[in-house]
Amino acid sequence: MHISAKGNYGLRAVLDLALNYGRGQVQSAEIAARQHIPESYLVQLLNLLRKAGLVKSVRGPKGGHSLLKRPEEVTVGEVLAILEGPIDLLGEGSGRGGESGEQDVLRE
């Protein structure tokens with residue numbers, strides 16, 4: 001599986017928010033500096049994560065971002081699905097799914 005820059009940056013941003021969970025709002029400039037992500041791109045990613053209900057954003061001088069779920073409730077798959085679209089673990093999108101007649105353990 002190939003993870004794009006979008007997925008990579010998004011995962012790093014969510015990890016940063018998880019590491020700072022319970023410490024209040026984290027400003028995007030701080031995340032961008034720590035994770036070496038262009039801030040303008042990070043803001044777009046955080047907006048997608050907010051719209052999906054994973055991140056809370058607060059405006060203003062004491063504003064920033066925080067996770068809406070506890071870190072242990074957030075999965076890599078969830079973040080990637082939000083940023084990259086549905087994940088095709090079975091390979092059905094590539095025409096490989098179920099053609100060999102073998103039992104597929106992911107379906108059971």
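What to note about this one:
- The residue pairs whose first member lies in the range 22-44 and is over 13 Å from Val55 (Cβ atoms) and touching a residue at least 40 places away in the same chain (Cβ under 8 Å), whose second member is open to solvent by 70 Å² or more (accessible area, probe 1.4 Å) and not hydrophobic (A, V, I, L, M, F, W, C), and whose beta carbons are closer than 9 Å, counting only pairs six or more residues apart or on different chains, are Gly24/Lys62.
- Qualifying positions in the range 1-21 - without any contact (Cβ under 8 Å) to a residue 60 or more places away in the chain and either among the hydroxyl-bearing types (Ser, Thr, Tyr) or open to solvent by less than 40 Å² (accessible area, probe 1.4 Å) (or both): Tyr9, Ala13, Asp16, Leu17, Ala18, Asn20, Tyr21
- Taking (1) crowded, with 16+ Cβ neighbours inside 10 Å; (2) among the aliphatic types (A, V, I, L, M); (3) in a helix (DSSP H, G or I) in turn, Ala29 satisfies each apart from (1).
- For the criterion of being more than 19 Å from Asn8 (Cβ to Cβ) and open to solvent by 50 Å² or more (accessible area, probe 1.4 Å), Leu48 fails.
- First in the range 61-90 and under 11 Å from Leu11 (Cα atoms) and open to solvent by 30 Å² or more (accessible area, probe 1.4 Å), second anywhere and small (Gly, Ala, Ser) and assigned to a loop (DSSP other than H, G, I, E, B), Cβ under 6 Å, 6 or more apart: Ile82/Ala52
The values are calculated or read from the model by the stated rules, or taken from the named source; none is laboratory data. The shown structure was predicted, so the numbers you read here are calculated from the model rather than taken from an experiment. So basically every Cβ, Gly included, is an ideal-geometry build from the backbone, and we count neighbours across all protein chains shown. These accessible areas exclude ligands, DNA and RNA; they are computed on the full protein's heavy atoms, side chains included. Shrake-Rupley method; radii C 1.70, N 1.55, O 1.52, S 1.80 Å.
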